[in-house]
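This report concerns only the one structure given below.
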Amino acid sequence: MDRIHSLYLHIPFCTWVCKYCDFNAYAVLEGLIPPYVGALRHEIDIAGGELPIGPLETVFIGGGTPSLLTATQVRQVMERVRAIGLASSAEVTLEANPSNITGQAVEGWLAAGINRLSIGVQSLQPDALRFLERLHSGTDAIAAIRTARTGGFANVSADLLYGVPGVGLDTWLDTLQSVLDEGVQHLSAYELTVESGTRLGQEVRTGLVQMPDADDQLEQYWAAAARLEAAGYAHYEISNWAQPGYACRHNLAAWNYQPYLGVGAGAHSMFRRADGSTERLWNVKGPHVYIKQASEGGHAVDGNETLSAERARGEAAMIGVRLLEGTIAAREFPGQRQQLVGAGLLMESDGHVRLTRRGVELANQVGAAFLVEAAATQQGKG
Amino acid sequence: MSTPTHLTRAISVIAHVDHGKTTLSDRLLEYTGTVAQRDMVEQVLDQLDLERERGITIKAQAVRMLYKADDGNTYQINLIDTPGHVDFSYEVSRALAACDGAILVVDASQGIEAQTLANVHQALDHHLKIVPVVNKIDLPQADPELVREEIEKVIGLPAESVIFASARQGIGTKEILEAVVREVPPPTGDPNAALQALIFDAKFDAYRGVVTYIRVLEGTLLPGMRIQMMQTGKSFEVDEVGIFRPERTPVEDLSAGEVGYLIANIRNVRDSRVGDTVTDEARPASAPLPGYRHVTPMVFAGLFPTDTEQYQQLKDALEKLQLNDAALVYEPETSAALGFGFRCGFLGLLHMEIVQERLEREFNLTLLGTAPTVEYRVKLRNGEEIPVDNPDHLPDPAEIEAISEPMVIATIVVPSTYVGNMMELSQERRGQFLNMQYEPGDRVVITYRMPLAEIIHDYYDQLKSRSKGYASLDYEVVGFEEANLVKLDVLVAGSPVDALSMIVDRAKAQQQGRRLAEKLKTLIPRQLYEVPIQAAIGGKIVARETVPAMRKDVTAKCYGGDVTRKRKLLEKQKEGKKRLKRVGNVEIPQEAFMAVLSLD
C-alpha cells in the first residue's frame, strides 16, 4: 500500500444545520464533543499503529463546525496527530465559523499547530445570510477574517456561495470584492447546490423556492472568476482560487489521487495499492455510534469498496480533470480524450489535458466519459 | 381413469381482458380438486412470468378436471384457457374449435365489451353451447341485474340461464360446473374412425422437443403411431401421449373427445402448427379439419441491439424464441443509423412488446425497437408488385404506380356519451363509417373500415383516453386497399435517420412532419451540441426544430468524502445512457423511435 501523507478529521457538530447542507453534521449534540474528541484520539492512535502513514504533509479538520471545539480540545487532537508524525512544513487547516473566531480562539488554534484557517463566510448580504440560515452577520464575517489575520494566521481562506436566490450579479460581486479586500490568500466559491435530502431541496421541490437558472448561475461564476483572476488569484480548481503558493495542499493531494486517511464520524479514507487498485473506506455517520465503536476498538468502519486498477484510473481522471492546469490522469483514455477535444470540452498541451471554458461548465460530462471508457476497458479485459 | 364419452366435456372460458377469466379458471381447478388449494399459485394457468405480471394469457393452456356432479356421475371436464388479446384471435378460434362449450365471463361492473362480442360470435360460429356468467358481483360498483339483461338483449341468451359469480370469493363455482355438465353436449366422435386431432397450441420443451396440444375429434391416438400433419405434410412417430392435470401426465391413449398432448420428437413449433390436423399416416382421414390458416405477421418492426456486440446474441435469442413462437418471423436488417439488427414480424402490438420484453429479460439483451409498421404492397410502374414492411425501403416515388395497405374492420363498443369522440377519432384515422347500433345498457356498437396502420399508431390508447377508459376495441384484417401514401423522412443533425422514416397519408404528411419534429425535440435529450431536427417529404424540408445544447453540468464540490457518491452518480447517468443509441454524434433514446406512434 502506498504511504499516506494526508489526514482528514471530521467534526460533525454544528450549532445549527443550515437548510442547504447535506454534510454529515448534527445540531444540539454539542454535549458529545468531549467523548467524541476522546474517540477521535483513539482512532488516530490505532490507525497510526496499523497503517503506513506519515510524516503527514497535510491535515484538514473539517465539519460540521470544527471551531466549536475549544482550543484545548484542538490541542488534544493535534497531540495524537503529531504522535503519528507531522512534517515540519505540513499544512494544517481548521474550518471555522465566523461566530467562533475570537482573538483568544485564534491564539489557541495557532498554539495547537493550526496554520491555515478556512472561514465559512458564505455571504455578506443580510437577505442571503437569512435565506441560508447563517447565524452570523456580514460584519461578523469581515471582523472574523480580520481577527484571524491580525491574530497571526498567514494563510486564510474564505468560502462563499453564489447563485443564491434573490442575490443579483452586482451584489454577488460586491460580496466577493469585500472579502478579497480583506486580503485572504485563498477563496472557494461554490454554486449553491440543491441536494434532495435537505430542507432547501424540499422547498425547491414544493415550489416555495425558485433557484436561478443555469445562465444566471454561470454568469455569476464567470464574473467571479474574472474578478478573482484580475485580483491575482489563480483559478486552480473548478470552485477554488488562490494567490501564488496558497492552493490548498490537502485538497490538491486528493485531486491528484493521493491516498488519505479520514477519521471521525462519516469520514472517508482512500488507499492506493501497489497493483493500481484503490480502496475506499467510510466510517459510521452517527456520532453516538462512532463514539462507541471508535472508543472501544479504535475502528468505526461502516463500509468499503475496492476499485480495480482500470476503474481507479477512470476515477483519477474524473477527479483530476477538475484541476484547471490539467491532469495527466486522462492520458490513459485516448478515445474519450480525442472526442472531448473535438467537442470543445478539453484542450491538450504537453501531455496534460485540461478543461476549456465550456468544459468547466460541463465537467460532469467529461468525468462521466472517462468513467465509461474505464469501465469499457475493464469489461474488455474481464 | 378412462371416462365414458357421454361423461366427457370440453370447454373454454371466454371473456374480455380483465373480466376475471383466469381467476375463474383457478376456482374451477380448486373446486374439482385438480389443484390443491395449498398448491395454488395464483393463476395456475398463466405460466409465463410475463403473463402473470401483465394479467393476460399469451398461450393457450389445457387441463383435465374430474367433477362429481349432483346427478352422482363423475365427469371429465377438459378446460382450455384461451389467450385474451386481439393479437391472438386466430389462436383463440382454434382453441374454441377444440371445445363443445364455453363459459362466457362478463364483468358485473363493466358489462359487455368489444371482445366479449367478438368472442361470443366466434363461439357461436363453432356451435359452442354458451354458459353465461356474470362475474365480480361482490364489487361495490357491480350491477349484475343490468348485465344479465344486457346478455339477454345483446347476445340473446336467456336471462334465467345467467349465473352470478365472484371468482375471487368462490361464489357460483358449483353452479357453473353443474351448468357445464348439464348444458354442454358430450363429444360425438367415433374412437374407431380414422384419426383427426386438432392442434390448438404447441410449446417447445428443451428436453422433449415440441409438446403439441390437441383435441382428438375422431379416432384414437396411441404412442408408437406414425402420424402426419395434414397441412404441412410432415410425419412423426409418437413417443408419448398424455393429459394435463395440470402437469403433464402420460396416458395409454387419447380417444375421440379427449384433450391432451402428444410428443413426437418434433424439433420446431413450425412443424406443429396451430389449426393443423393430426392424422394416422397408415390410415389417414379423408380431409383435414376446416378453419386452418397459415398465420402471417401483421406488424413489423426493427430490433437492434444498443450494444452492437450483442448482434450474435440477439440472433441466437430470436432463433430460440422462434422454436416456441410460430408466429414470430425475422430476417437480418441493416440500418445506416442503428447498425445490424433484425426486421421482425408480429401478430400485433402486444405480441411485439412481449417478444421484445422476453428477449431482454430471458436473454439479457438491451434492445432498441423501431416504430411498428404494417406491410404495404407497392405496385411499380414496371408492373412488378413488392411487399414493403420497412418505410425506408419504399422505392423512389417515380417508380411507384400505387401503394396498397392492409385494412381492418374495427368494432368499438362504447357508452353513448362518447360516440361523438369515437367517430371523430376514427374519421381522423381515415376510417370509413360502416354501422352503428344502440344496445341496452347504454351501449353502442360502432364499426369502421380503416387502415391497420392507423390502428397500430396509438389508436387504442386514444380510444381509451377519449372515452375515459370505457371504449373497447376488436378488429379483423379484411384485405388490402389502395391509398395515397408518401414517405416522411427525419434528419437529425443533418443526417437522415432511416429508422425514423414513416409512411403516411399524403394529406396529413406535412402536419405529421411538424408534429414529429416537435415531439422529437422533447424526446431527444440535450447534447453537447445544438441538434437540428428536420422532417422531409421527398427531399423537401417541411418542419424544423432545434434541441438546444446542454447548458451546464458541473458539481460545485468534489472533495475526498464526495468522490464515491459522485462517481456513482455519473455511473448512473451512464447506465441511463444504455437505452440511448448513438446516431452520428447524437444520442437518441428509445422513445424517440416510438414517437411516430403518437402524434395526436
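Per-structure values
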item: Check: chain B dipole with +1 on Lys, Arg Cβ and -1 on Asp, Glu Cβ, in debye; result: 2180 debye
item: Shape parameters for the range B:299-369, alpha-carbon atoms, Rg then Dmax in Å; result: 10.8, 31
item: Estimated 222 nm signal from helices in chain B, with DSSP H stretches of n ≥ 4 weighted -39500 (n - 2.57), rounded to 500; result: -7000 deg cm²/dmol
item: Shielding by partners, peptide B:544-557 (average Cβ within 10 angstrom, other chains); result: 6
item: Aspartates and glutamates with Cα under 17 Å of B:Lys68, excluding same-chain neighbours fewer than 8 positions away; result: B:Glu30, B:Glu175, B:Glu178, B:Glu183
item: FRET efficiency, A:Asn256 to B:Arg361 (Cβ-Cβ, R0 51 Å, nearest 0.05); result: 0.70
item: Largest-first principal axis extents of the Cα set of the range A:167-279 (Å); result: 50, 41, 25
item: Shielding of A:367-377 by partner chains, average beta-carbon count, 10 Å; result: 3
item: Where only C-alpha atoms are counted, convex hull volume of chain B per residue in Å³; result: 189 Å³
item: Compactness of chain A - radius of gyration and Dmax, Cα, Å; result: 20.8, 60
item: log10 of Debye I(q)/I(0), alpha-carbon scatterers only, for the range B:486-597 at 0.17 Å⁻¹; result: -0.80
item: The range B:196-280: C-alpha gyration tensor shape, a/c 1.5 cut-off, then a/b vs b/c; result: rounded
item: Ranked by how many other beta carbons lie within 10 Å on average, peptides B:542-555, A:258-271 from highest; result: A:258-271, B:542-555
item: Kirkwood hydrodynamic radius over Cα pairs of the range B:117-164, then Stokes diffusion coefficient at 37 °C and 0.692 mPa s, in µm²/s; result: 288 µm²/s
item: Qualifying trypsin sites (Lys or Arg not before Pro) in the range B:154-260, DSSP loop, other Cβ atoms within 10 Å at most 12; result: none
item: Partners for B:Lys519 among aspartates and glutamates (Cα-Cα distance below 16 Å; same-chain residues under 8 apart left out); result: B:Asp458, B:Asp489, B:Glu545, B:Glu587, B:Glu591, B:Asp600
item: Global size of the range A:309-382 as Cα Rg and Dmax, reported in angstrom; result: 11.1, 37
item: On Cα atoms only, tilt of B:419-428 relative to the major axis of chain B in degrees; result: 50 degrees
item: Over 28 Å (Cα to Cα) - which of B:Lys379/B:Lys521; B:Lys464/B:Lys581; B:Lys508/B:Lys552; B:Lys21/B:Lys464; B:Lys136/B:Lys320 fall in this group; result: B:Lys379/B:Lys521; B:Lys464/B:Lys581; B:Lys508/B:Lys552; B:Lys136/B:Lys320
item: Principal axis dimensions, largest first and in whole angstrom, of the range B:377-483 by Cα; result: 55, 22, 18
item: Number of partner chain Cβ atoms within 10 Å, mean per residue of A:357-365; result: 4
item: Kirkwood Rh in Å, taken over all unlike Cα pairs in the protein assembly as shown; result: 33.9 Å
item: Sequence ranges B:98-106, A:333-341, ranked by mean other-Cβ count within 10 angstrom, highest first; result: B:98-106, A:333-341
item: Folded to 0 to 90 degrees: helix B:311-322 orientation relative to chain B principal axis, Cα; result: 20 degrees
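Just so you know, all these numbers are worked out from the coordinates, no wet-lab data involved. Note that this is a predicted model, so its numbers are computed, not measured. Note: ideal-geometry Cβ built from the backbone for every residue, glycine included; neighbour counts use all protein chains shown.
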